[in-house]
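Read the structure below first, then the notes.
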Amino acid sequence: MKDIEAMLDSTIQEYYSKQYLTHQKKVIEDNEKFSEDILMAENFISESNISGNLVEIGSGNCRWFPHFEHRLNHYYGIDVNGVALSVAPKHPKLTTIEGNVFEDEIQLFQSCSLNVAFFSFFLSHFSNRSIQILMEKLSAIKTIIIIDSFWGEKHKEKHLNKDLIVIKRKTSQSDYIHLPKRFFERDDISDIFRSFGFSIDRFEQGQYWFICIMKRD
């Protein structure tokens, strides 16, 4: 899959190892234009009835862990990027695993005690087919939580369509990287996960992001 190959490219992985950790703090977490969406996601999580053992796919530095910590038995963060994982919080409830979720045999995926999968700005870099390949490995999962880019007016001002295309992302004042990116509406999420027996239990959208919980029927 070209989208998977693109995300594994050394240039992109170097970005997620270095610039993104700064970019995430400066451009996202401390940016006023995202403040309402961040608050929406934090409140959504705090009001959700989540328990058990959760795996975050493409977790990076596990920035959302503190919002789940008190309601879970254990939180597993899996990412291909070991540098990003190395700066994740150190906590007895958090285990990080370095691996390629598309190609590696991740033994954790076979655990019957693993009941929640979490995707934070991960799915929007991949095609429906790549997502389906991943979901075939997550047969034990009963609940899915997704935070990602919503196809709303703010993104429509900047992008021509919501489909998966290669975009330029600024990494410094003079440099860019190219990576696959798409945007979602509610129906897109329903269509992708319906074949695996999931339906949307709750969905909220902001100006830039959405967050939802899906349950397996």
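The values are calculated or read from the model by the stated rules, or taken from the named source; none is laboratory data. Bear in mind that the values here come from a model prediction, so they are computed numbers and not experimental data. Neighbour counts run over all protein chains shown; Cβ positions are idealised from the backbone, glycine included. Just so you know, the surface numbers come from the protein's heavy atoms only, side chains and all, with ligands and any DNA or RNA stripped out. Shrake-Rupley method; radii C 1.70, N 1.55, O 1.52, S 1.80 Å.
Can you pull out every residue in the range 62-92 that is aliphatic (A, V, I, L, M), over 17 Å from the mean Cα position of the chain (by Cα) and modelled with pLDDT under 95? It would help to see each step written out before you state the result.
Quick first cut of the range 62-92, residues aliphatic (A, V, I, L, M) only: 72, 78, 80, 83-85, 87-88.
Applying the additional criterion that residues be over 17 Å from the mean Cα position of the chain (by Cα) yields 72, 83, 87.
Those that are aliphatic (A, V, I, L, M), over 17 Å from the mean Cα position of the chain (by Cα) and modelled with pLDDT under 95: V83, V87.
Restricting attention to the range 168-200, which residues are surrounded by 14 or more Cβ atoms within 10 Å (Cβ to Cβ) and more than 18 Å from the chain's Cα centre (by Cα)?
T171, I177, F196
Failed condition for N128, given (1) open to solvent by 50 Å² or more (accessible area, probe 1.4 Å); (2) under 14 Å from V55 (Cβ atoms); (3) not charged (D, E, K, R), with all others met?
Among (1) open to solvent by 50 Å² or more (accessible area, probe 1.4 Å); (2) under 14 Å from V55 (Cβ atoms); (3) not charged (D, E, K, R), the lone unmet condition for N128 is (2).
Keeping to the range 201-217, report how many residues are outside any loop (DSSP other than H, G, I, E, B) and open to solvent by 40 Å² or more (accessible area, probe 1.4 Å).
First, pick out the residues of the range 201-217 that are outside any loop (DSSP other than H, G, I, E, B): 201-205, 209-216.
Now drop any that are not open to solvent by 40 Å² or more (accessible area, probe 1.4 Å), which leaves 201-202, 204-205, 215-216.
Selection size over the range 201-217: 6.
(1) among the aliphatic types (A, V, I, L, M); (2) modelled with pLDDT of 95 or more; (3) in contact with a strand residue (DSSP E or B) (Cβ under 7 Å, 6 or more places away or on another chain): which one isn't true of I131, the others all being true?
With (1) among the aliphatic types (A, V, I, L, M); (2) modelled with pLDDT of 95 or more; (3) in contact with a strand residue (DSSP E or B) (Cβ under 7 Å, 6 or more places away or on another chain) applied to I131, the lone miss is (3).
Cβ contacts < 7 Å: first residue within 11 Å of A41 (Cα to Cα), restricted to the range 203-216; second residue part of a loop (DSSP other than H, G, I, E, B) and of a type outside the set (D, E, K, R), any location; separation 6+ or different chain. Result?
If the second residue must be part of a loop (DSSP other than H, G, I, E, B) and of a type outside the set (D, E, K, R), the pairs left are Q205/G152.
Take the range 35-56 and flag every residue that is assigned to a helix (DSSP H, G or I) and either at pLDDT below 70 or not small (G, A, S) (or both).
Taking the range 35-56 and keeping what is assigned to a helix (DSSP H, G or I), we get 35-47.
Correct list: E36, D37, I38, L39, M40, E42, N43, F44, I45, E47.
Please enumerate the residues belonging to the range 180-190 that are free of Cβ contacts under 8 Å to residues at least 60 places away in the same chain and closer than 20 Å to D3 by Cβ.
Selection gives K181, R182, F183, E185, D188, I189.
Does the range 17-34 contain at least one residue that is aromatic (F, W, Y), modelled with pLDDT under 80 and assigned to a helix (DSSP H, G or I)?
yes
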